[in-house]
């Protein structure tokens, strides 16, 4: 993906965020799941969106609980979930 495509994806993701959550302070489980769902519908990788959300953890009230629920949503709606946890589990099981 070139930088123009990255910028377009980022802009689309941020627009979806404004429409579903508004601000980081308004973040809750329901609107974050709506955000992830809408990103998924726009063919934006939910894990990419999750990573972006985690960059703003300090701005999100009750971030730990919200991020846990959001990661569960990602795991349920994508084939791999978190690539980091998948690698660690495979290594330990082998």
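The values are calculated or read from the model by the stated rules, or taken from the named source; none is laboratory data. Bear in mind the structure is a predicted one, so any value in this text is a computation, not a measurement. Positions of Cβ are backbone-derived with ideal geometry, glycine not excepted, and every protein chain shown enters the neighbour counts.
General observations
- Single residue of segment 28-54 satisfying the filter (under 15 Å from residue 9 (Cβ atoms) and part of a loop (DSSP other than H, G, I, E, B)) that is nearest to the chain's Cα centre (by Cα): 45
- Among the residues here, residue 1 does not qualify as modelled with pLDDT of 95 or more and touching a helix residue (DSSP H, G or I) at 6+ places or on another chain (Cβ under 9 Å).
- Segment 23-43, residues that are more than 20 Å from residue 68 (Cα to Cα) and either touching a helix residue (DSSP H, G or I) at 6+ places or on another chain (Cβ under 8 Å) or surrounded by 12 or more Cβ atoms within 10 Å (Cβ to Cβ) (or both): 42
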